[in-house]
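FYI, it's all coordinate maths here, none of it is from the lab. Everything numeric here is computed off the predicted structure, so don't read it as measured data. When we count neighbours, we look across all protein chains shown, and the Cβ atoms used for this are built from the backbone with ideal geometry, even at glycine.
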Amino acid sequence: MFTVAKPMSARRRGFAHERDLARKLWAKGFAVMRAPASGSKAKRLRYPDLVAIRNRVVFAFEIKTTSNASRDIYIEKEQIEKLIEFSKRAGGEAFIAVKVVGEGEWYFIPVSELVVTPGGNYKITLREESRSRFLRIDNLVSLALGVKTLREFLEK
């Protein structure tokens, strides 16, 4: 007897991408914890999607995915404020982690590099010329090990 697989919901796909990033960071030596709060009663609390720690360096991530690298990603002001608040309390750095589905590559954008929209929300431009300023997983390892500072990566 054959069973037909149900299409995966957007929420389940999002969780799968979060797990993918968690596994990749774990493989690079980070202690990683997912804290997905979207759709839960914890929405009022200030949880990032993922927290990674290595060498006492804390990174907090809001995770976004897109299948269209030519389209900008918009993020609500409140999401960024929560991410910044959590990072401040943890003594860490806040990033937006973006996966372009189909490419398999993860990009990390420090919240300080986000563009503010006229409405007070935030925007990430994924076009090729913008991606050169984004960090990759190996860059996060260098930050955690103290090989380079975030400022050094951003000034390149």
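Spacing of the modelled spin labels on R136 and E78, each 7 Å from Cα toward Cβ, amounts to 3.7 nm. On the beta carbon distance between A35 and E152, with R0 = 35 Å, the FRET formula returns roughly 0.75.
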